[in-house]
Amino acid sequence: MVNKSVDILFPGQCLVCGQTGTRELDICIACQESLPRNDPCCSRCALPLTSLKADGVVCGDCARQPPAFERIIAPWRYEAPLDRLMQDLKFRHRLPVGRLLGELLASQIPSGPLPSLLLPVPQHPRQLHNRGFNHSSEITLALSRSTGIPWSPWLLKKIRRTNSQHDLSRQERLKNLKGAFSFDNSSRHRHVAVIDDIVTTGATAREITCTLKHSGVRQVEFWAIARTPIQR
Ligand SMILES: [Zn+2]
Ligand SMILES: [Zn+2]
């Protein structure tokens, strides 16, 4: 219903520059090609790296202490125009942006064994009530449609409200999130991907991985649109 009305309102318009988009995506070819690639980046946590290195290299943090998740896929860096697009989705409820981001992300997933389930990073019910929607769910819905991988907005839950992660050190962020999530794995999924718009420190990824692995999941991946450059 929402998508139908959206198609009438934005018929193939590029959501970045307003020119005509392509037939497949609501973004024109020039804007798509100008998206800031996250390359080179750490092959485990997708942290942007500065020097040109061969594929498969990991950052210092991942070399010292390999994360429990398999990998983070974040094809782009959190720079213009993605920062504006994500704010349009999150704070101005521009839902077609969620669809575009999900479709763009789907086109960047490398071939290989795919997860059996996609899970949006959840919001606490009160936060969800205040905002009215979960932007990660909008991205996951489009990603699921494009890849054919089922998704669920209900199985992974945020069960405890947490303070803002801003201005917290890395250790404080992990402590802040401890025990904040729960996962119902009665379908015994072994390989899942968790979807978000942006990965900043990776603290959320680490805590969710801990929750999922306690429920019997063996392989956890995180798929996000963009990665910020600073690891704290
Ligand atoms: Zn454009
Ligand atoms: Zn890394």
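Only the coordinates and a few stated rules stand behind these numbers; no lab work does. This is a predicted model, so every value here is computed, not measured. Cβ sites come from the backbone with ideal geometry, for glycine too, and all protein chains shown count toward neighbours.
Points worth noting:
- Counting Lys and Arg as +1 and Asp and Glu as -1 over every other residue whose Cβ lies under 14 Å from the Cβ of CYS14, the net charge comes to -1.
- Selected from PRO113, PRO81, PRO48 as most flexible by GNM, with the chain as the system and alpha-carbon contacts under 10 Å: PRO113
- Cβ-defined net charge surrounding LEU25, 10 Å radius [Lys, Arg +1; Asp, Glu -1]: -1
- With the simple model of a label 7 Å out from the Cα in the direction of the Cβ, ARG190 to THR20 spans 4.9 nm.
- Net charge of neighbours whose Cβ lies under 10 Å from the Cβ of ARG71, counting Lys and Arg as +1 and Asp and Glu as -1: -1
- By the combined test of axial Cα extent (at least 15 Å) and Kyte-Doolittle hydropathy (mean at least 0.5), the qualifying DSSP H helices of the chain come to 95-106.
- Considering only GLY98, GLY202, GLY21, the Gaussian network model of the chain with Cα springs below 10 Å gives its largest mean-square fluctuation to GLY21.
- GNM top mover of ARG131, ARG145, ARG23 - the chain, alpha-carbon springs below 10 Å: ARG23
- Cα-based Lys proximity count in the chain, under 20 Å, for pairs eight or more positions apart or on separate chains: 10
- Three-way shape label, the stretch 159-232, alpha-carbon gyration tensor, a/c 1.5: oblate
- Shape category assigned to the stretch 36-227 from the gyration tensor of Cα positions, a/c cut at 1.5: rounded
- Only helices enter this figure: runs of n ≥ 4 DSSP H residues, each worth -39500 (n - 2.57), summed and divided by the residues of the chain, yield -10000 deg cm²/dmol at 222 nm to the nearest 500.
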